[in-house]
1. When the residues of the stretch 34-45 are filtered to those that are open to solvent by 20 Å² or more (accessible area, probe 1.4 Å) and out of contact with any Gly (no Cβ under 9 Å at 6 or more places or on another chain), which remaining residue is nearest to Leu161 (Cα to Cα)?
2. I want to confirm something. Restricting to the stretch 34-44 and keeping residues that are part of a helix (DSSP H, G or I) and touching a helix residue (DSSP H, G or I) at 6+ places or on another chain (Cβ under 6 Å), which single residue is nearest to Glu65 (Cα to Cα)?
3. Only one of (1) touching a Pro at 6+ places or on another chain (Cβ under 6 Å); (2) more than 26 Å from Phe165 (Cβ to Cβ) fails for Ala76. Which number is that?
4. Please go through the stretch 131-167 and pick out each residue that is among the basic types (Lys, Arg) and under 21 Å from Ala76 (Cβ atoms).
5. When you check Arg158 against the structure, is it under 12 Å from the mean Cα position of the chain (by Cα) and not aliphatic (A, V, I, L, M), yes or no?
6. When you scan the stretch 51-167 for helices (runs of 4 or more DSSP H) that lie fully inside it, which ones turn up with 3 or more residues that are open to solvent by 30 Å² or more (accessible area, probe 1.4 Å) and of a type in the set (Asp, Glu)?
7. Within the stretch 78-111, track down each residue that is within 16 Å of Val148 (Cα to Cα) and of a type in the set (Asp, Glu).
8. Please tell me if Leu161 is in contact (Cβ under 8 Å) with a residue 60 or more places away in the chain and in contact with a Ser or Thr (Cβ under 7 Å, 6 or more places away or on another chain).
Amino acid sequence: MAIPALPEQSRTSRSPNSLAGFNAASPEDARHTLLTCLHGHRWTRRLTDHRPYPDLDALLAASDEASYDLTPGDLAEALAGESLPVLPDDTYEAAHMALDAAHAAYEARFGHVFVICVDGVAPDEVLDHVLAGIRSRLTNDPEEERVVVAEELRRLARGRLLRSFVF
């Protein structure tokens with residue numbers, strides 16, 4: 001009795017983490033994937049509705065464009081899904097206390113969590129980068145900060161898309 005051959009597998013499969021898989025996914029699955037990158041339903045719908053993307057650069061360009069169109073309500077929705085940046089494991093307790101105090105001051109001033117993209121920042125520089133960002137941005141007026149937050153969310157979404165579709 002002959003054993004049936006297994007189907008050939010290739011690297012261009014339609015796995016959820018491939019662009020081909022994303023393009024072919026159901027709208028619900030595509031939106032679920034995108035919500036892990038930015039918790040914004042209008043942004044997610046827009047990227048889902050414009051599929052298929054010929055390449056990753058086209059998806060990233062669409063993400064940037066959709067990010068630039070975020071309304072104040074869209075920003076609030078996206079911010080509600082964000083968490084504080086993660087510090088390296090060996091960060092001193094005093095640094096955590098300083099960061100907690102800075103986050104509390106930021107949230108009291110602006111009414112939402114502090115977001116900052118730390119892509120490309122060396123792990124041993126993350127704490128300094130985050131603290132400097134909070135201190136600097138606490139001097140912004142609410143409209144200036146809304147613009148900065150929108151840019152940080154755009155950068156976060158872009159980085160998360162890259163990590164989702166590049167393996």
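The values are calculated or read from the model by the stated rules, or taken from the named source; none is laboratory data. As the structure is a computational prediction, the values presented were derived from the model and not from experiment. Backbone-built Cβ (ideal geometry, glycine too); neighbour counts: all protein chains shown. Keep in mind that these areas ignore ligands, DNA and RNA; they rest on the heavy atoms of the full protein, side chains included. Shrake-Rupley method; radii C 1.70, N 1.55, O 1.52, S 1.80 Å.
1. Within the stretch 34-45, the subset open to solvent by 20 Å² or more (accessible area, probe 1.4 Å) is 35-36, 39, 41-42, 45.
Adding the requirement that they be out of contact with any Gly (no Cβ under 9 Å at 6 or more places or on another chain) leaves 36, 41, 45.
Working: Thr36: 9, His41: 16, Arg45: 15 Å.
Selected residue: Thr36.
2. From the stretch 34-44, those part of a helix (DSSP H, G or I) are 34-35, 41-44; that's our starting set.
Then drop every residue that is not touching a helix residue (DSSP H, G or I) at 6+ places or on another chain (Cβ under 6 Å), which leaves 34-35, 42-44.
On the way: Leu34: 15, Leu35: 16, Arg42: 12, Trp43: 9, Thr44: 12 Å.
Residue satisfying both the conditions and the ranking: Trp43.
3. (1)
4. Narrowing the stretch 131-167 to residues among the basic types (Lys, Arg): 135, 137, 146, 154-155, 158, 160, 163.
Residues satisfying the conditions are Arg137, Arg146, Arg154, Arg155, Arg158, Arg160.
5. Here the answer is yes, as Arg158 does meet what is asked.
6. Hits in the stretch 51-167: 93-110, 142-165.
7. Passing the criteria: Glu82, Glu107.
8. Values: in contact (Cβ under 8 Å) with a residue 60 or more places away in the chain: yes; in contact with a Ser or Thr (Cβ under 7 Å, 6 or more places away or on another chain): yes.
When the stated conditions are applied, Leu161 passes them.
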